[in-house]
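Sharing a structure, written as structure tokens. Questions coming.
The values are calculated or read from the model by the stated rules, or taken from the named source; none is laboratory data. Treat the numbers as computed from the prediction; the structure is a model and nothing was measured. Counting neighbours? That spans all protein chains shown, and the Cβs are built from the backbone with ideal geometry, glycine included. Heads up: the accessible areas ignore ligands, DNA and RNA and are worked out on the full protein's heavy atoms, side chains in. Shrake-Rupley method; radii C 1.70, N 1.55, O 1.52, S 1.80 Å.
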Amino acid sequence: MRSVAVLEDRDGQVTTLIRDGLMAGERDGCVVITRGEQLDSFSGAYDLFVVAHSGLERLSSPPDICCRALLVPGNVPGQTIAGIRSKWVVSYGLSGKDSITMSSLEKNAAVLALQRELMTLQDEVIERQELPIHLPVGRDSEESMAAYGSLLLLGVIPVLS
């Protein structure tokens, strides 16, 4: 059983996308997702802690969170996540420095690009590659990268478009 925590805004875009992806990957029964709008929604340790782009403003004070893997937008200053204890950090965003980025953005499709090897929570390595993905209608690229990055860290390769 894997535990995932998602810090995001009220709309729950990332959590919904992760759940949809887990069901498509037939792994919905092995992951428990906790979603919160505020850091005080979270307590304990998690396998994966995801900071959605919409949850960035909630990181104004350093949190006290423990996780195996931390997935954050690449533009987050280091001192902002200093209170989150993790074994490894994966960044996402549209910068060439981010571990997970997107290219070939179209209306409902894009290419998810892994800029470096990615270690999953099962301790498997996903090599650098580009994955064609579907962008759900009404979802922005930042939230999609957070969701697809979460799926990859959980060992689920997104359903290709």
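Where in the stretch 31-131 are the strands (runs of 3 or more DSSP E), entirely inside, with at least 2 residues that are among the aliphatic types (A, V, I, L, M) and touching a His at 6+ places or on another chain (Cβ under 7 Å)?
On the way: elements: 31-36, 45-51, 65-73, 84-92, 100-103, 109-114.
In the stretch 31-131, there are no strands (runs of 3 or more DSSP E) which contain 2 or more residues that are among the aliphatic types (A, V, I, L, M) and touching a His at 6+ places or on another chain (Cβ under 7 Å).
List, please: which pairs have Cβ atoms under 6 Å, are six or more places apart or on different chains, and start with a residue in the stretch 90-119 that is under 19 Å from Val137 (Cα atoms) and end with one that is modelled with pLDDT under 95 and of a type in the set (Phe, Trp, Tyr)?
Cβ pairs passing all conditions: Leu112/Tyr148.
Here is a list: Gly12, Gly74. Which entry is under 15 Å from Glu143 (Cα atoms) and open to solvent by less than 30 Å² (accessible area, probe 1.4 Å)? So that I can check it myself, show each step before the final result.
Working: Gly74 fails: open to solvent by less than 30 Å² (accessible area, probe 1.4 Å).
Only one candidate passes the filter, namely Gly12.
Now a separate question. Provide a single number: the residues in the stretch 96-121 that are more than 16 Å from the chain's Cα centre (by Cα) and among the polar types (S, T, N, Q).
3
Residue by residue through the stretch 106-133, note down the ones that are of a type in the set (Val, Ile, Thr) and surrounded by fewer than 11 Cβ atoms within 10 Å (Cβ to Cβ).
Our first condition is that a residue be of a type in the set (Val, Ile, Thr); within the stretch 106-133, this holds for 111, 120, 125-126, 133.
Of everything in the stretch 106-133, just one residue is of a type in the set (Val, Ile, Thr) and surrounded by fewer than 11 Cβ atoms within 10 Å (Cβ to Cβ), namely Val125.
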